[in-house]
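For reference, the structure discussed in these notes is given below.
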């Protein structure tokens, strides 16, 4: 077995033994089960005729199913994006500091595992966890609405994948922070700061006029230029989930920017970790 | 497993490091390590030009006062700490080589174990990371060997300190390593457990494994190791075979049965010792010793005990460190 996969398995086993991650999976399952059992949708000739939640009729005008479900899928995409990243920041903040804790890192580094493999495996393990959770939630949602309304779409899956890309960039920062300081709190703080920064960076053009011309605006422009535009990615995810036209000019460039930022942060972490004494 | 088979790389490795069975297990030349801290000038020197050779197949003990650099040295030979200067060769290669590290078993001083795992799961993960082929019986076998056969189903978080230490030893033994590096292996283990650990270490040495032991329990080092190095101030100040280090020169301790004439024994070259019937005698070689004993017997003294009047390891350590200071 590749040492990278071995470390990823180590991280996943560690994750699955944590109660709050199990509670999260149980929570998603419960939400999906409640929605599945309490929501009734009546579709006539592809149009949403009536819908009931917990027996109460939801008053909506008669619309085609795909149009009626747009706000639901859009809201779900935002929930998965921001909720997922926030949960990921909290839940995964101590994986890397824990692996690098005194007494454990010495043992791992004495095994035939190279340092880059240790970091790559940790990153891969956390991303597997994020991807698994996202796919579990979005698959459940698509299945429930697909079965009940007869409307099938891959939009929520793609939106979930975009959320994972966003989380990858944030976790890259958290992993790099762990190579500098073995603190779960600081890793979480770094992740949270970059999430907020990424949200601001997505609205940089709209926020720019609020800064006076000169040093202030230039500094804001320079800082937000290098940050991943996470809010723009969330918007794109919402549009895709709702099968609406994309507001961003180029999703490809947006993804490229987020990935370049993530790889850059990881490269810094790899360089720091490789030269560090434990 | 024979000594020669220990030199083979572990199964599962695709490429193997070249190993010379005659090469020392550990060879360190001019090793220096200076820890630099941010915003501080200079740094603290943990190792100051250390030279050491650990012969293949030996049981080697590293002793020294706190802050002597023992843990830094151990981390250097495992590639956990990168030396500032000097060369480190382990099992004929560099510690950075994963193929070399696959043949080393290491027990850190304070091993942090995943509390929610079971011991077999932990050992299986260590085996996987060592690139060993799957062996379902291995964890049980190793756990029984270190005396944890009854705790297989329990989570590690519920283990006592001694049990964790035993598990750490089992993890170090995964893959039958050619070199065992143990940092305080009996820390927290009860006296009976220490005897078991000692037995396991002696079995490993008999099978050809090189043992490198760092323990503050000098009696432990004395019982297990055949060679010892004393580290002080980041340098090896004394190194050699245990019996040579502890040897008290040409001085012997003899105990005679009650009734021996003190005057006659004094004439034969024996000086009265502290206890009843105990005497010391200087003899450069066995012939001189037997001449002195023949004189004592001729004077009617009956010998009941004879041993070299050597110092224990604690005295050797104290004397060496004080002299080096």
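Derivation of every value follows stated rules applied to the coordinates shown; laboratory data play no part. Predicted model, so just to flag it, every value in this text is computed and none were measured. Methodologically, a virtual Cβ is constructed for each residue, glycine included, from the backbone with ideal geometry; neighbour enumeration extends over all protein chains shown.
Taking every residue in A:97-110, how many Cβ atoms of other protein chains lie within 10 Å of its Cβ, on average? Mind dumping the intermediate values first?
On the way: counts 0, 2, 2, 0, 2, 5, 7, 6, 3, 14, 13, 3, 9, 15.
So the per-residue partner count for this stretch is 6.
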Per the helix-only model, chain B has a calculated mean residue ellipticity at 222 nm (DSSP H runs of ≥4, -39500 (n - 2.57) each, divided over all residues, rounded to the nearest 500) of -9500 deg cm²/dmol
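How would you rank B:225, A:164, A:92, going from fewest to most other Cβ atoms within 10 Å of each one's own Cβ? Don't skip to the answer; put the middle values down first.
Values: B:225 24, A:164 21, A:92 27.
Fewest to most other Cβ atoms nearby, the residues stand as A:164, B:225, A:92.
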If R0 = 60 Å, then residue A:181 and residue B:304, at their Cβ-Cβ distance, give a FRET efficiency to the nearest 0.05 of 0.35
Length-normalised contact order of chain B, Cα under 8 Å, at least 6 apart, in percent, tallies to 19 percent
Connecting every pair of Cα atoms under 10 Å apart in chain A and solving the GNM, the largest mean-square fluctuation among A:61, A:101, A:231 falls on A:61
Each label sits 7 Å from Cα toward the beta-carbon; between residue A:135 and residue B:190 the label points are separated, in nm, by 5.0 nm
Final fewest-first order of A:105, B:104, A:144 on the 10 Å Cβ neighbour count is A:144, A:105, B:104
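How high is the FRET efficiency between residue A:63 and residue B:199 when r is their beta carbon distance and R₀ equals 56 Å, given to the nearest 0.05? List each step's numbers first, then the result.
Numbers: r = 80 Å, r/R0 = 1.42.
With R0 = 56 Å, the Cβ-Cβ based efficiency is 0.10.
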Of every Cα-Cα pair in the range B:249-309, the percentage lying beyond 17 Å is 24 percent
Candidates A:83, A:252, A:140; GNM for chain A (alpha-carbon contacts under 10 Å) flags as most fluctuating A:252
Sorted on mean Cβ neighbours within 10 Å (highest first), peptides A:94-100, A:50-56 come out as A:94-100, A:50-56
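How large is the convex hull of the Cα atoms of chain A per residue, expressed in Å³ as a whole number?
Details: hull volume 42.4 nm³, N = 278.
In chain A, the Cα hull volume divided by residue count equals 153 Å³.
Residues of B:101-108, mean number of Cβ from any other protein chain within 10 Å of their own Cβ, rounded to a whole number?
Per residue, the number of nearby Cβ atoms from other chains is 4 on average.
So what's Rg/Rh here for the range B:26-244, counting alpha carbon atoms and using the Kirkwood radius for Rh? Don't skip to the end; give the middle numbers.
On the way: Rg = 17.5 Å, Rh = 18.0 Å.
Radius of gyration over Kirkwood radius for the range B:26-244 works out to 0.97.
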Checking A:59, A:229, A:70 against a Gaussian network model of chain A (alpha-carbon springs below 10 Å), the top fluctuating residue turns out to be A:59
Here the convex hull volume per residue of the range B:118-216, taken over Cα atoms and given in Å³, is 96 Å³
Note: probe point = Cα of residue A:22 + 7 Å toward Cβ; backbone nitrogen < 18 Å; residues of the range B:112-127 passing the test are B:114-122
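Peptide A:169-178: average number of partner chain Cβ atoms within 10 Å per residue?
Working: counts 0, 0, 0, 0, 0, 0, 0, 0, 0, 0.
Per residue, the number of nearby Cβ atoms from other chains is 0 on average.
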Ranked on Cβ counts within 10 Å of their own Cβ, fewest leading, B:48, B:103 go B:48, B:103
dims of the protein assembly as shown, Cα set, principal axes, largest to smallest, nearest Å -> 125, 60, 42
Tilt, helix A:19-38 to longest principal axis of chain A (alpha-carbon atoms), in degrees rounded to tens, equals 10 degrees
